[in-house]
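The values are calculated or read from the model by the stated rules, or taken from the named source; none is laboratory data. As the structure is a prediction and not an experimental result, all values here were calculated from the model. Here the Cβ positions follow ideal geometry from the backbone for every residue, glycine too, while neighbour counts run over all protein chains shown.
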Amino acid sequence: MVSVRHPKVITRHRDGRIHAYVIESDVHGALEPAAVFQVRPGDEVVASVVRPDLERVVYATLNGVVCLGRAGALVWKTDFEPHSDRPYGHVPDCALSRDGRTVWVYRPDAMAGRGGGDQWVVHDADTGAVLARRELKAVGHAGNHHVHPVDGSIYLDIGEGQDGAVILRGTVGADGEAEFVTYPWWDRCLIDLAPDGRQFMTVDHGQADVAFHHHPSGDMLFTLPAEAFGFDPETTFIEWSGGYLTPDLAVVTLGGEGQDEEEWFRCHLVDVRTGTLSGDFPVETDNAYELVPLGDGSWLTRGPDGTPIRWKGLPQRFGSRKGDRN
C-alpha cells in the first residue's frame with residue numbers, strides 16, 4: 001500500500017516492456033525511464049499504471065488485469081470471464097487511486113461478447129480482491145480514467161463509438177463503500193481534470209464545441225464553439241485532445257482539411273477563469289493527440305522512438321514553433 005503522494009508517474013509500452021517515467025519539476029527534454037517492467041510472456045498490454053514508489057505495475061490486457069512486482073514476480077491477477085476471442089473493439093483501462101489503496105478497472109464486456117453490459121470494478125491494490133463492482137448501462141469500445149488531484153475521486157470516460165460517450169465518477173468513502181455517479185450526458189467526451197481540482201474539460205462528441213464544468217457537480221461554466229476561435233464551423237472541428245496547461249490555461253486543439261484535402265490542426269489557449277481566448281499555442285507535433293499538457297506549465301510530446309519529451313514555457317517565451325526544452 002502507498003499512502004503518500006509522489007511525483008507523477010507515466011508509462012509507455014514498448015517491445016514487451018512497460019517503461020515508467022517520473023515527472024520531476026526540474027527535468028525536461030527526453031525523459032529516461034526510472035523503471036522498466038517485463039510483462040508476462042504472451043501478454044499484450046493495452047493500459048498500465050505504475051505505483052509511485054516504482055515497486056509494482058498493474059496492467060490490463062484484453063482479457064484480464066495483472067499486478068507484478070519490480071522483479072517480475074506475480075502479485076495478483078484477475079481474468080475477465082469468459083475469455084474473448086474478439087481481437088478488436090474492446091479495450092479495457094486501469095488506474096491507481098490517489099492514495100494507492102485501490103485499482104480501478106474498466107471492462108468493456110459488451111463489445112467483448114461476454115454478455116450483459118460493461119463493468120467498472122474496484123480492486124484492492126495489494127491483493128486484487130474485488131471491493132466494489134458497478135454494472136454499467138454502457139456498450140463501450142474503450143475507456144479512460146482520470147484521478148482527481150485533490151479529493152482522489154476517479155472519473156471514467158467511456159467511448160461508445162457513433163452512439164456517443166458516457167462520463168462517470170467514483171469514490172470510496174471512509175467506510176470503504178464505493179459510490180458511483182453517472183453524469184447526464186451522452187454527447188460529451190472527458191478530456192482532462194484541472195490540476196487544482198476545481199473543474200474539468202469536455203469536448204462535444206460531434207466535435208462542435210469545448211466546455212468547462214464545475215467539479216463535482218458537472219454544471220457547465222462556459223462553452224466555446226469552433227467559430228469562437230475564428231474558424232468556419234462547417235469545415236473545422238474541435239479535437240478530442242488537449243487539456244490543462246496550468247490551473248488557469250487550457251489547450252484546445254482545432255482541426256480540419258485544407259483545399260488539397262490535407263489535414264491540419266492548431267492548438268489554442270483558453271483562460272478558464274474568464275472563458276476567453278489567450279492566443280495560439282504554437283507547438284509542432286505529428287498529430288493532434290501527441291501533445292499531453294501536464295498542468296504545471298509543461299507538456300509532453302513523443303520522440304521518434306516513442307520516448308516522451310517534456311517541454312516548458314508559454315508562447316511568448318518560444319524561440320521557435322517547436323518550443324523550449326532548456
| request: Within the range 102-158, track down each residue that is on the phi < 0 side of the Ramachandran plot and in contact with a helix residue (DSSP H, G or I) (Cβ under 8 Å, 6 or more places away or on another chain). | output: Gly117, Asp118, Gln119, Ala138, Val139, Gly140, His141
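Condition check: in contact with a His (Cβ under 7 Å, 6 or more places away or on another chain) and under 25 Å from Ile309 (Cβ atoms). Does Val103 satisfy that?
So Val103 does not fit the description; no.
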| Selected residue (criterion: farthest from the chain's Cα centre (by Cα)) from residues of the range 93-151 that are among the acidic types (Asp, Glu) and within 22 Å of Pro82 (Cβ to Cβ) | Glu135
| field | Residue check, Thr223 under 29 Å from Glu257 (Cα atoms), hydroxyl-bearing (Ser, Thr, Tyr), in contact with a helix residue (DSSP H, G or I) (Cβ under 6 Å, 6 or more places away or on another chain) and without any contact (Cβ under 8 Å) to a residue 40 or more places away in the chain | value | no
| query | Considering only the range 53-92, how many residues are under 21 Å from the mean Cα position of the chain (by Cα) and farther than 28 Å from Gly159 by Cα? | reply | 3
| note | Those residues of the range 234-283 which are aliphatic (A, V, I, L, M) and either at pLDDT 95 or above or assigned to a strand (DSSP E or B) (or both) amount to Ile238, Leu245, Leu249, Ala250, Val251, Val252, Leu254, Leu269, Val270, Val272, Leu277
| query | Of everything in the range 9-30 that's buried (at least 16 other Cβ atoms within 10 Å of the Cβ) and in contact with a Lys or Arg (Cβ under 6 Å, 6 or more places away or on another chain), which residue is farthest from Gly69 (Cα to Cα)? | reply | His28
| message | Among (1) in contact (Cβ under 8 Å) with a residue 12 or more places away in the chain; (2) more than 16 Å from Thr11 (Cα to Cα), there is one condition Gly69 misses while meeting the rest; what is its number? | response | (2)
